[in-house]
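Q: Let me give you the structure first, and then I'll get to my questions.
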Amino acid sequence: MSQFQLIPLARVHDYLSDQMGLPVAKRSISNWNYAIYEKLEFFEIWAKNKLIHSYLNNVDETGININRKKHGFIVLAMKR
């Protein structure tokens, strides 16, 4: 939640404690995020390499709010 949805660490802690009944320390959540980040480093390198060498790739459209204004992004992943 704190990474994909960009929810502040304190809110993740409150959610886990209050809603789920899981008394998890904020530092534990932070340590877990870092451990996952380190483990995904190899996958990121592998995925980029596969995309670079693939014949067909993907196009995706997504939106993001910046300063309460909606912006749209189109991402095109293709071989050069």
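Every read-out reported here was derived from the displayed coordinates using simple, explicitly stated rules and does not represent laboratory data. Keep in mind that this is a model prediction, so the values were computed, not measured. So basically every Cβ, Gly included, is an ideal-geometry build from the backbone, and we count neighbours across all protein chains shown.
Q: For the pair Glu44/Val59, report the inter-label distance in nm, with labels modelled 7 Å from Cα in the Cβ direction.
A: Spacing of the two 7 Å Cα→Cβ label points: 2.8 nm.
Q: Another one. Skipping prolines and chain starts, which residues have an amide H placed within reach, meaning under 5 Å, of the one on Ile7, given they are 5 or more residues away or on another chain?
A: Those lying under 5 Å, H to H, from Ile7 are Ser2.
Q: Mind checking which lysines have their Cα closer than 25 Å to the Cα of Lys39? Skip sequence neighbours fewer than 8 apart in that chain.
A: Output for Lys39: Lys26, Lys48, Lys50.
Q: Another one. Of Asn65, Gln19, Ile52, which is farthest along the charge dipole of segment 9-76 in the positive direction, counting Lys and Arg as +1 and Asp and Glu as -1 at C-beta?
A: So the residue we want is Asn65.
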